[in-house]
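Single-structure report; data block below.
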Amino acid sequence: MVSRVIPVDPFDLVIFGGTGDLARRKILPGLYRRFHDGQMPEGARIIGAARSEMDEAGYRDFVRGAIGEFVQKRNDKDIVDAFLERLTYVAVDAKGTDGWDELAHAMRPDVIKAYYFSVGPSLFGDIAERLMNHGIADDEARIVVEKPFGHDLASARALNETLARHFDETQIYRIDHYLGKETVQNLMAVRFGNMLFEPLWNAQYVDHIQITVAETVGVGGRGDYYDKSGAMRDMVQNHLMQLLCLTAMEPPSKYDPDAVRDEKLKVIRALESVESDDIVRGQYKSQAESYIDDVENPRSITESYVAMKVRIANWRWNGTPFYLRTGKRMKERVSEIVVRFKEPPHSIFEEDTGQSANELTIRLQPNEGMDLTVTIKEPGPGGMRLIDVPLDMTFAEALGEEAADVPDAYERLIMDVIRGNQTLFMRGDEVEAAWAWTDPIIDSWTVREDRPHPYEPGSTGPEEALILMHRDGRRWRELRT
Ligand code: NAD
């Protein structure tokens, strides 16, 4: 099965920070893949804009290198050459005057204009202001801003206010790349496109929900940034929160940006504050490898792991907890949402037949897909013995390899920017509500000087996180790929 590729309208996309790590690893390779698949029309152009002095040829070489390194399939020399023809470069100083006239000159009047702010948030205001002063951002222009969107509620508010001075909310695309993942959108399709799940999707039938984002890497070269942030700010406030919202929200009346985002916002506003007993913080530590060495801060009490039990105060979820966990240097790289249903109210089978509860797992990585465990009779003559079997909905198996070759989250999101579709981007009030819930949790750690529990690198996290579940008679799903 081959998915349809519908070309977008002609555009000028300016990537501020076009020589940076994110542009090199994600944005430019993603744009190349969209070009390769025929989604970029004749009139589509990409303009790299960054501090480095570089000419057009130099930038094209840089992008060729990025494609060589980060595009595995579709790396075809003629197509790469044709793609590079679409690229140009302007050296600009976001905080000064250099390069802005040249950039204004490079922009064409009658095409969609999109400005990707792939730079630190301290430059957002400077760039927004200069775009306006140079008259190159019309009412239709879009800006894309990267995470982190603030460090707390006050800084997120300040950023929103800065952007709002120059742009309308309908022009601002705040990226959370988790929302661009195929399975995340599939979660909405499964919930709202079938009769099967939604009637059961509530506290009456769901025992609990687990959301896991486990990484095997440590803090790597980002130690300085990470140590000021920690897992709560870096992962929970944004990525896990978005997954929680899509899992818990009420059906929107239509699949439209504000209808979906209104429902997500209601979930965030219904989150109860979290008791300190319901949170476990961890920091990886062993003789050979430890977080404090990686961030070069021996006194750091920043968490590289966090697990928590979250409650949503509304009719649908009263009594059904959501357990969230995320960490670095864990055993496996796994991102998934697990919906654990309740056991049938009465069993007609004998006690030890092996009956258990259904589980729907929505896997974001690796092997994007879903599976649902169903209890059946174990085949054979051994009497009525029950086993759980997965109804596997891995895309590769169900739809063929080609359908499994889905666009990377960044590719999809950038194309949505050009189309002017904000559904998969965070609205300003959503981000602020998420910080408003997160801030008191972090503040309470600061007041208490809370120290994270050590855990072995390559493990499943600290012991205390297992106890958090055991206390409720539940257990984390095993981390497996
Ligand atoms: P980077 O340090 O690798 O690149 C920064 C880019 O900004 C460079 O192109 C540099 O020339 C440009 N720049 C810096 N100061 C400038 C100025 N005064 N004028 C013009 N250009 C200037 O950073 P990055 O890793 O690419 O990250 C960019 C943004 O994306 C950051 O906000 C980061 O938090 C966010 N982000 C990055 C990643 C990632 O994987 N790298 C992931 C998520 C979010």
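Points to keep in mind about this one:
- Odd one out for Arg474, checked against (1) touching an Asp or Glu at 6+ places or on another chain (Cβ under 8 Å); (2) in a helix (DSSP H, G or I): (2)
- Among all residues of region 136-150, there is at least one that is surrounded by fewer than 22 Cβ atoms within 10 Å (Cβ to Cβ), more than 24 Å from Gly48 (Cβ to Cβ) and within 16 Å of the ligand (Cβ to nearest atom).
- Filter result for Gly18 (closer than 17 Å to Tyr89 by Cβ and away from the ligand (no atom under 13 Å from the Cβ)): no
- Options Ile292, Ile337, Ile301; residue that is part of a helix (DSSP H, G or I) and at pLDDT 95 or above: Ile292
- Criterion (crowded, with 17+ Cβ neighbours inside 10 Å, in contact (Cβ under 8 Å) with a residue 12 or more places away in the chain and charged (D, E, K, R)) met by exactly one of Arg34, Arg74: Arg34
- Conditions (1) assigned to a helix (DSSP H, G or I); (2) surrounded by 15 or more Cβ atoms within 10 Å (Cβ to Cβ); number of the one not met by Leu13: (1)
- Selection within region 89-110 - buried (at least 18 other Cβ atoms within 10 Å of the Cβ) and either touching a strand residue (DSSP E or B) at 6+ places or on another chain (Cβ under 8 Å) or outside the structural domain of Met54 (by TED's automatic domain parsing) (or both): Tyr89, Val90, Ala91, Val92, Ala94, Gly99, Leu103, Met107
Each row is one residue, and each column tells you yes or no for (1) modelled with pLDDT of 95 or more; (2) under 22 Å from Gly420 (Cβ atoms); (3) of a type outside the set (A, V, I, L, M).
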residue	(1), (2), (3)
Gly48	yes, no, yes
Met54	yes, no, no
Ile79	yes, no, no
Lys95	yes, no, yes
Gly99	yes, no, yes
Glu102	yes, no, yes
Tyr116	yes, yes, yes
Ser122	no, no, yes
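- Any strands (runs of 3 or more DSSP E) falling wholly within region 39-135 and containing at least 1 residues that are within 14 Å of the ligand (Cβ to nearest atom) and among the hydroxyl-bearing types (Ser, Thr, Tyr): 87-91, 112-117
- Taken as a whole, region 257-273 holds at least one residue that is in contact with a Cys (Cβ under 7 Å, 6 or more places away or on another chain), among the aliphatic types (A, V, I, L, M) and either part of a loop (DSSP other than H, G, I, E, B) or buried (at least 21 other Cβ atoms within 10 Å of the Cβ) (or both).
- Residue count for region 334-348, restricted to those that are buried (at least 18 other Cβ atoms within 10 Å of the Cβ) and of a type in the set (D, E, K, R): 2
- For region 21-35, filtered to residues that are of a type outside the set (A, V, I, L, M, F, W, C) and either part of a loop (DSSP other than H, G, I, E, B) or within 11 Å of the ligand (Cβ to nearest atom) (or both), the residue that is farthest from Asp76 (Cα to Cα) is Asp21.
- Failed item in (1) modelled with pLDDT of 95 or more; (2) within 17 Å of Asp408 (Cβ to Cβ); (3) not aromatic (Phe, Trp, Tyr), with Lys73 passing the rest: (1)
- Residue list for region 422-441, restricted to those being assigned to a loop (DSSP other than H, G, I, E, B) and out of contact with any Asp or Glu (no Cβ under 9 Å at 6 or more places or on another chain): none
The values are calculated or read from the model by the stated rules, or taken from the named source; none is laboratory data. Remember, predicted model here, so these are calculated numbers, not experimental data. All Cβ positions, glycine included, derive from the backbone under ideal geometry; neighbour counts span all protein chains shown.
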